[in-house]
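Just below is one structure, and these are the notes that go with it.
Just so it is clear, none of the values below were taken in a lab; they were calculated from the coordinates. Here the structure is a predicted model, which is why all the values come from computation and not from measurement. In this analysis, Cβ positions are derived from the backbone assuming ideal geometry, glycine residues included, and neighbour counts consider all displayed protein chains.
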Amino acid sequence: MASPLQETSSSTSSAYRSSLSARQLLGASSIACSGLLFALFPILRPWSDTTETAAGLAEAFTSPWWIASHLVGALALVLLPFGAIPIRDAHLASPGAAAARATLPLLCAGVGLTLLYYGAETFALPAVAGDASTILERSASIRFGAVQVTLLGVGLLCIAAGAITLAIAVWRGRILPRSSAVPLAAMIALYLPQFFAPPPVRVAHGIFTAIAALWLAGSLWRARASSPSDAPASV
C-alpha cells in the first residue's frame, strides 16, 4: 500500500506531465498554425501592385484580400514566439540552454518591430488608393521611407536570429530530433530576401515554410511524453 508521501509525489509527477503535455500541445499548435498562415499570406495576397502602375497599386490596395492577407501574415509572426516557448523551456537544462535563452527575446523584439511595418501596409495603403494622381508617391513614402525600411529589416533579422538560435538549442540539446528546427530556421532566415523575389517564388517560400513548421510541430508533439528525469523526483 502506497504511503501518503508516495501518493502525493505520484500526484505531483502526474500533474507535472499533464502541464508539460499541455504546453507542448500549445507550442506545437502555434508552430503549425504559424506555418500554415505563412503559406496562406502570399496565396491570398493580391499581386497587381508589382506592376508598379497607379492602376495596379489601386487594384491591389482596394481589394478586400489586401487587408485579409496582411492580417494573416501578421498573425503568422505573432504565433512564432508562442510556439518557441515550450521548446525553449525544454532546453533550459540542456547543452543548448544558452541559445534557448536568447530565442524568445529575439523573436519578440523582431515581431514587434515587423508588425509596425505590417500595420502601415495593411491599413495605410488602402487609405491612399483613392487618388490615382498621388498613389505612386504616397504609397512609396509609406512603404519605402528610411525609418520604415529600417524597422522592417531589423525586425526580420531579429526574427531570423531567434529562429536560428532555436535551431541551435534543439541541435545541441538532443531533446527533439537534432535537425527538426533547421528547415524552419532556414525558411525564416530567407523571409527578408524573399520580399525581393517574384510572386511565384514568394508563394513557394510560404509553402516550404509551412512544411518546415509542420515538421517541427510534429517533432514537438511526438516528444510530449516527458522522460522520468524531466519530472519531479519521487520519494
With a bin width of 5 angstrom, please list the P(r) values of the chain as percents of all Cα-Cα pairs, from the 0 bin to the one holding the largest distance. 1, 7, 13, 17, 16, 12, 10, 8, 6, 4, 3, 2, 1, 1, 0, 0, 0, 0
Gap in Å between the Cα centre of the range 110-159 and the Cα centre of the range 162-195? 27
Under a plain spin-label model, where a point goes 7 Å from the Cα along Cα-to-Cβ, how far apart in nm are Asp131 and Ser48? 2.1
Counting pairs of alpha carbon atoms under 8 Å apart in space and at least six apart in sequence, what relative contact order in percent does the range 31-222 give? 29
Subtract the Cα-Cα distance of Ala146 and Leu26 from 0.36 nm times their separation in residues, and report this length gain in nm to one decimal. 39.4 nm
Additional length obtainable on full extension of the chain from Arg174 to Ala124, 0.36 nm per residue less Cα span: 13.5 nm
Using a simple spin-label model with points 7 Å from Cα along the Cα→Cβ vector, what separation in nm is obtained for Leu116 and Arg101? 2.8
What residue among Leu71, Pro46, Ile87 has its Cα farthest toward the positive end of the dipole of the range 31-133, where the charges are +1 on Lys, Arg and -1 on Asp, Glu, each on the Cβ? Ile87
Under Karplus coefficients 6.51, -1.76 and 1.60, residue-wise ³J(HN,Hα) of the range 161-176 in Hz, glycine/proline x: 4, x, 5, 5, 5, 5, 5, 5, 4, 5, 5, 7, x, 6, 8, 9
At 7 Å along Cα-to-Cβ for each site, give me the label-to-label distance between Ala197 and Arg222 in nm. 2.6
